[in-house]
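Participant: Here it is, the structure, as structure tokens.
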Amino acid sequence: MKRLRPHKPLHHLTPKTLTTAADPFREHPSHHRLSAIATKDSLLKSYTVAPPIKPWPLRLHPKRLVSMIKLQQNLDLALQIFHHAANFHPGFSHNYDTYHAIIEKLARARAFDAMETLMSDLRRSAIKCGENLFVTVIRNYGMASRPKSAIRTFVRVRDFGVDRSVRSFNTLLNALIQNKKFDLVHFLFKNCREKFGIVPNVFTCNILIKALCKKNDLEGAIRVLDEMPAMGMVANVVTYTTVLGGYCWRGDMEGARKVFDEILDRGWVPDATTYTVLMDGYCKQGRLMDAVRVMDDMEENGVDANDVTYGVMIEAFCKEKKCGEAMNLLGDMLEKKYVPSSSLCCKVIDVLCEGGKVEEACDLWKKLLRKNCTPDNAISSALIYWLCKKGKVREARKLFDEFEKGSIPSILTYNTLIEGMCEKGELQEAGRLWDDMVEKGCVPNVFTYNMLINGFCKAGKASEGIRILEEMLEKECCPNKFTYSLLIEGLHRSGKKDDVLKVLKMSTSRGKQLLDVGYWEVFVTNVDGISESWRPALESVLTNTAV
């Protein structure tokens, strides 16, 4: 047998032996190419990273990148574009404008974590910033109900090498008002010179007056108004309009009218906002005719109504059930290219249909389409509800089909039409619509199931309701007490006592008592043969309800 020779220990290797051993990394051809790369641009040229969008421009400058970021609807993709430009586009460097564009996009989308990461990157960079960036961030923190973050952003402006001005300070005060921090507005105003070196201007005073009026400290607001000349400021129409709004908020329309007359006495021309605030005050007091007179004066003085003006008056007419006047004003609004809100359109539809003018409501829906104001789910659901309520289920289905061509119906719209079909006894149509809803990826909720169960029970097919309940549980849609109550009532009317017992067992299977005492009494008094295992549960339920 051949003897194996032992390996020599490592210390027997001479230095010469070690140096002559081949290095596989150095021998590989790619080593010579990589070792020759001296700069980042050279490295980037050595390999290719796929850009996030195609076509990616061959020549990229900051202005072009800003445009790409602003046009991008997908937020993640916008971030990828921003990072790809700096990391993989040869010779490109970000500047203040590119950072501002992506930070503004993130702030508006409430993606504050990603935004703060970029803010930190910007602070560490040598890029010179402008105050506009912080105005954008503060404003969006205010709108997102994050006043502490807005304050923190204002305080750290100087960390970026930027001087704070009255503009960012005013933005902060408005953000605090949005979040009802009225006392803090007053505190910051009193300390703005000493703490921040900021000299307030007339806009700052107007914001303070607004905060005091919203706090219902009208007397304090008037004191600020009186002190403005001593601060070297001249009040303007906005100042007086804010005070006027304070009187309206209190319901003191005589005081509001005096302020309005003072505006006229000073030779100023009230704008649409001033007129609208006064009109809104009268409407809230139920003095619709006074509001109409103010609107007439507004037109006579050559001041055009804006969308807020129309909204105030249309709502007031709807509240008074004056559908004709509401329709006329809505028509004027559309003619002037204003887009009415969904809630405003729903109110007009409701008042028309309550007055029996369902056809006119349908005409309004079509008019909105012609004016490129595509009716949303809420408007369509309101109209479908009224058509079904008036027994016009076929017309409701036609409207639904027309709406579906341009939009994706919500669960609310589906539920409204399914309910109408079930009420009319058209269960097959309701089933087909159900299938259509599921196909479109719209998940039924407990209200949808309850409507179908109710429909089958009314049609004398309560047993079908049990099948729906079983499917509901299978789909993990949690029933509520109305689900079980509807079924028990329907089954009890049909004399199906065994099925009642089955439903009651299902109602307690999840460990919750979802039925009112009345339905348990129906069970106790009408169902024979209660097993001993049920008696403790029944006694507990009845005892707890009685207590």
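The values are calculated or read from the model by the stated rules, or taken from the named source; none is laboratory data. Fair warning: this is a prediction, and the values are worked out from it, not measured in the lab. Ideal geometry is used to build each Cβ from the backbone, glycine not excepted, and the neighbour counts take in all protein chains shown. Accessible surface areas use protein heavy atoms only, side chains included; no ligands, DNA or RNA. Shrake-Rupley method; radii C 1.70, N 1.55, O 1.52, S 1.80 Å.
Participant: What relative contact order, as a whole-number percentage, does the range 232-274 give when Cα pairs under 8 Å and 6 or more residues apart are counted? Could the numbers behind the result be given before it?
Facilitator: Values: 25 pairs, mean separation 17.2, N = 43.
In percent, rounded to a whole number, it is 40.
Participant: Would you work out if the range 84-148 is rounded, prolate or oblate? Take a ≥ b ≥ c from the square roots of the eigenvalues of the alpha-carbon gyration tensor; rounded if a/c is under 1.5, else prolate when a/b is larger than b/c, oblate otherwise. Don't jump to the answer; show the numbers that get you there.
Facilitator: Working: a/c = 2.44, a/b = 1.88, b/c = 1.30.
Judged from the Cα gyration tensor, the range 84-148 comes out prolate (a/c at least 1.5, a/b above b/c).
Participant: Excluding Arg397 itself, what net charge comes from residues whose Cβ is under 15 Å from its Cβ, given Lys and Arg +1 and Asp and Glu -1? All intermediate terms of the calculation are to be shown ahead of the outcome.
Facilitator: Details: positive: Lys389, Lys390, Lys392, Arg394, Lys398, Lys405, Lys424, Arg432; negative: Glu395, Asp401, Glu402, Glu404, Glu419, Glu423, Glu426, Glu429, Asp435, Asp436.
It works out to a net charge of -2.
Participant: Could you give the nm distance between label points at Glu335 and Asp113, where each point is 7 Å from its Cα heading toward the beta carbon?
Facilitator: So the two model labels end up 5.3 nm from each other.
Participant: Ordered by packing density, taken as the mean number of other Cβ atoms within 10 Å over each peptide's residues, highest first, how do 370-377, 480-487 rank? Walk me through the numbers on the way to the answer.
Facilitator: On the way: 370-377: 15.6, 480-487: 20.6.
Sorting 370-377, 480-487 by mean packing, highest first, produces 480-487, 370-377.
Participant: Something else now. Run through the range 401-502 and list the GluC sites (Glu not before Pro) located in a DSSP loop whose Cβ has at most 11 other Cβ atoms within 10 Å. Walk me through the numbers on the way to the answer.
Facilitator: Numbers: sites: Glu402, Glu404, Glu419, Glu423, Glu426, Glu429, Glu439, Glu464, Glu470, Glu471, Glu474, Glu476, Glu489; in loops: Glu426, Glu476.
Sparse-neighbourhood loop GluC sites (Glu not before Pro): Glu476.
Participant: Moving on to the next point. Given a Förster radius of 51 Å and the C-beta distance between Trp268 and Asp121 as r, what FRET efficiency does 1/(1 + (r/R0)^6) yield to the nearest 0.05?
Facilitator: Plugging the Cβ-Cβ distance into 1/(1 + (r/R0)^6) gives 0.60.
Participant: If you add up the charges near Ala101, with Lys and Arg at +1 and Asp and Glu at -1, over every other residue whose beta carbon is less than 13 angstrom from its beta carbon, what do you get? It would help to have the intermediate numbers written out before the result.
Facilitator: Numbers: positive: Lys63, Arg64, Lys70, Lys105, Arg108; negative: Asp97, Glu104.
Surrounding charge for Ala101 is +3.
Participant: Moving to a separate point now. What translational diffusion coefficient, to the nearest whole µm²/s, does the range 221-337 have by Stokes-Einstein, given a Kirkwood radius computed over alpha-carbon pairs, a temperature of 4 °C and 1.567 mPa s viscosity?
Facilitator: Values: Rh = 15.0 Å.
Rounded, D is 87 µm²/s.
Participant: Oh, and also: I'd like the chymotrypsin sites (Phe, Trp or Tyr not before Pro) in the range 43-119 restricted to DSSP loop residues with at most 11 other Cβ atoms within 10 Å, sorted by number. It would help to have the intermediate numbers written out before the result.
Facilitator: Numbers: sites: Tyr47, Phe82, Phe88, Phe92, Tyr96, Tyr99, Phe112; in loops: Tyr47, Phe92.
Of the chymotrypsin sites (Phe, Trp or Tyr not before Pro), the ones in loops of the range 43-119 whose Cβ has at most 11 other Cβ atoms within 10 Å are Tyr47.
Participant: Once fully extended, how much extra length lies between Met231 and Asn445, figured as 0.36 nm per residue of separation less the alpha-carbon to alpha-carbon distance?
Facilitator: Working: separation 214, 0.36 × 214 = 77.04 nm, distance 6.04 nm.
Here the answer is 71.0 nm.
Participant: Another question about this same structure. Under the rule a/c < 1.5 gives rounded, and otherwise a/b versus b/c splits prolate from oblate, where does the range 62-105 land using the Cα gyration tensor? Mind dumping the intermediate values first?
Facilitator: Values: a/c = 1.86, a/b = 1.32, b/c = 1.41.
Oblate shape, in that a/c is at least 1.5 and b/c is the bigger or equal ratio.
Participant: What three numbers, in Å, describe the spread of the alpha carbons of the range 77-199 along their principal axes, ordered from the longest?
Facilitator: If we take the Cα atoms of the range 77-199, the spans are 52, 26, 16 Å.
Participant: Which of the aspartates and glutamates could a cross-linker span from Lys214 if the Cα-Cα distance has to be under 12 Å and same-chain partners fewer than 8 positions apart are dropped?
Facilitator: Here the aspartates and glutamates satisfying the reach criterion relative to Lys214 are Asp183.
Participant: How much net charge surrounds Tyr449 when only other residues with a Cβ under 14 Å from its Cβ are counted (Lys, Arg +1; Asp, Glu -1)?
Facilitator: -3
Participant: Rounded if a/c is under 1.5, else prolate if a/b beats b/c, else oblate: with a ≥ b ≥ c from the C-alpha gyration tensor eigenvalues square-rooted, which is the range 127-235?
Facilitator: Values: a/c = 2.43, a/b = 1.47, b/c = 1.65.
Judged from the Cα gyration tensor, the range 127-235 comes out oblate (a/c at least 1.5, b/c at or above a/b).
Participant: Give Lys461/Lys505; Lys336/Lys392; Lys458/Lys502; Lys322/Lys390; Lys210/Lys319 a once-over and call out the pairs whose C-alpha atoms are over 22 Å from each other. Write down the numbers at each step before the final one.
Facilitator: Values: Lys461/Lys505 20 Å; Lys336/Lys392 33 Å; Lys458/Lys502 20 Å; Lys322/Lys390 20 Å; Lys210/Lys319 28 Å.
Beyond 22 Å between Cα atoms: Lys336/Lys392; Lys210/Lys319.
Participant: Based solely on C-alpha atoms, express the radius of gyration and the Dmax of the range 370-458 in angstrom.
Facilitator: Just the Cα atoms of the range 370-458 yield Rg and Dmax of 12.4, 43 Å.
Participant: Taking every Cα atom in the range 326-433, find the radius of gyration and the maximum pairwise distance Dmax, and write them in Å.
Facilitator: Every Cα atom of the range 326-433 included, Rg and Dmax give 13.6, 45 Å.
Participant: Ratio of Rg to Rh for the range 313-355, alpha carbon only, Kirkwood?
Facilitator: Numbers: Rg = 9.4 Å, Rh = 10.1 Å.
Rg/Rh for the range 313-355 comes to 0.94.
Participant: Can you tell me the length gained on complete extension of the stretch Arg432 to Lys405, counting 0.36 nm per residue apart and subtracting the Cα distance? Walk me through the intermediate numbers first.
Facilitator: Numbers: separation 27, 0.36 × 27 = 9.72 nm, distance 1.76 nm.
Result for the pair: 8.0 nm of gain on full extension.
Participant: Ordering Ser120, Ser343 by how much accessible area each has at a 1.4 Å probe, largest first, what is the list?
Facilitator: Numbers: Ser120 35, Ser343 65 Å².
Largest to smallest exposure gives the sequence Ser343, Ser120.
Participant: Accessible area of His89, 1.4 Å probe, to the nearest 10 Å²?
Facilitator: 20
Participant: Return, ordered by residue number, the residues of the range 264-286 whose backbone nitrogen is under 12 Å from a label point located 7 Å along Cα→Cβ of Lys319.
Facilitator: Hits in the range 264-286 for Lys319 at 12 Å: 279-286.
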